Amino acid sequence: MPVMYLHARSFWNPRTIILVLSALIALILASPVHANGVHLGSQEVHAEDLGPYTVSVTTVPVIGSMHMVFFLSLKDTEFPVLGSELTVWAEQSGGRSITLGPIPALREDIGPNWFAANFPVEESGKWTFTLQIDAPLAEETTTFTVFIRDTGGVSLTLVAIVAAIVAVITLWLGRVLKKKKRRRPK
């Protein structure tokens, strides 16, 4: 009796891998952002060596409850500044000359170098922020400007999700059409 070999086709071919990865990327990008830490779409709006410290400020500069994250370390190191307290003020330049603060930047759970503050920003435009660092080594103050824009426009997350969905559909259609082409009698 002749031996018949079943030619098993691997489930994990390149198209399947791309489909699965695209779906995972879409799910990750669509997942909610947690309150602590740097958010998706955020940008560094200020970085400076300030006395014995290095500080960087990151936020998504749009109106609404703007979450601002501060990274504070000893200059030229990543060592935390123990016993430090950060306070922030914000003032809109032009417009209605709105002032917010003082708002304490609270230490974040993600590490001893991280602080965060939320600002209820209701108007777009040029805002001047004042950051005061009160620590045992030295007290320092710095001022920086952030251009806050209106919400809306194109969300990079939405673009990435749509691109991932289009890639998945395109690959799936290519696979279906390829199977149909093979089945056609010659």
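The values are calculated or read from the model by the stated rules, or taken from the named source; none is laboratory data. Source: prediction; values computed, not measured. Glycine also receives a Cβ, built like all others from the backbone with ideal geometry; neighbour counts cover every protein chain displayed.
So the values come out like this:
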item	result
Members of segment 81-103 found to be surrounded by 16 or more Cβ atoms within 10 Å (Cβ to Cβ) and assigned to a loop (DSSP other than H, G, I, E, B), listed by number	Val81, Ser84
Residue count for segment 70-80, restricted to those that are surrounded by 19 or more Cβ atoms within 10 Å (Cβ to Cβ) and modelled with pLDDT under 95	0
Condition met for Val168 (among the hydrophobic types (A, V, I, L, M, F, W, C), modelled with pLDDT under 80 and outside any helix (DSSP H, G or I))	no
Scan of segment 114-139 for residues that are of a type outside the set (Gly, Ala, Ser), touching a Lys or Arg at 6+ places or on another chain (Cβ under 6 Å) and closer than 15 Å to Ser93 by Cβ, ordered by number	none
In segment 140-153, residue surrounded by the most Cβ atoms within 10 Å (Cβ to Cβ) [restricted to those that are more than 13 Å from Ala90 (Cβ to Cβ) and of a type in the set (Val, Ile, Thr)]	Thr142
Unique residue being surrounded by 17 or more Cβ atoms within 10 Å (Cβ to Cβ) and within 20 Å of Val45 (Cβ to Cβ) when the list is Leu131, Leu106	Leu131
Hey, Leu131 in the same structural domain as Val55 (by TED's automatic domain parsing) and touching a Pro at 6+ places or on another chain (Cβ under 7 Å) or not	no
Test: residue in segment 137-159 that is of a type in the set (Asp, Glu) and at pLDDT 95 or above	yes
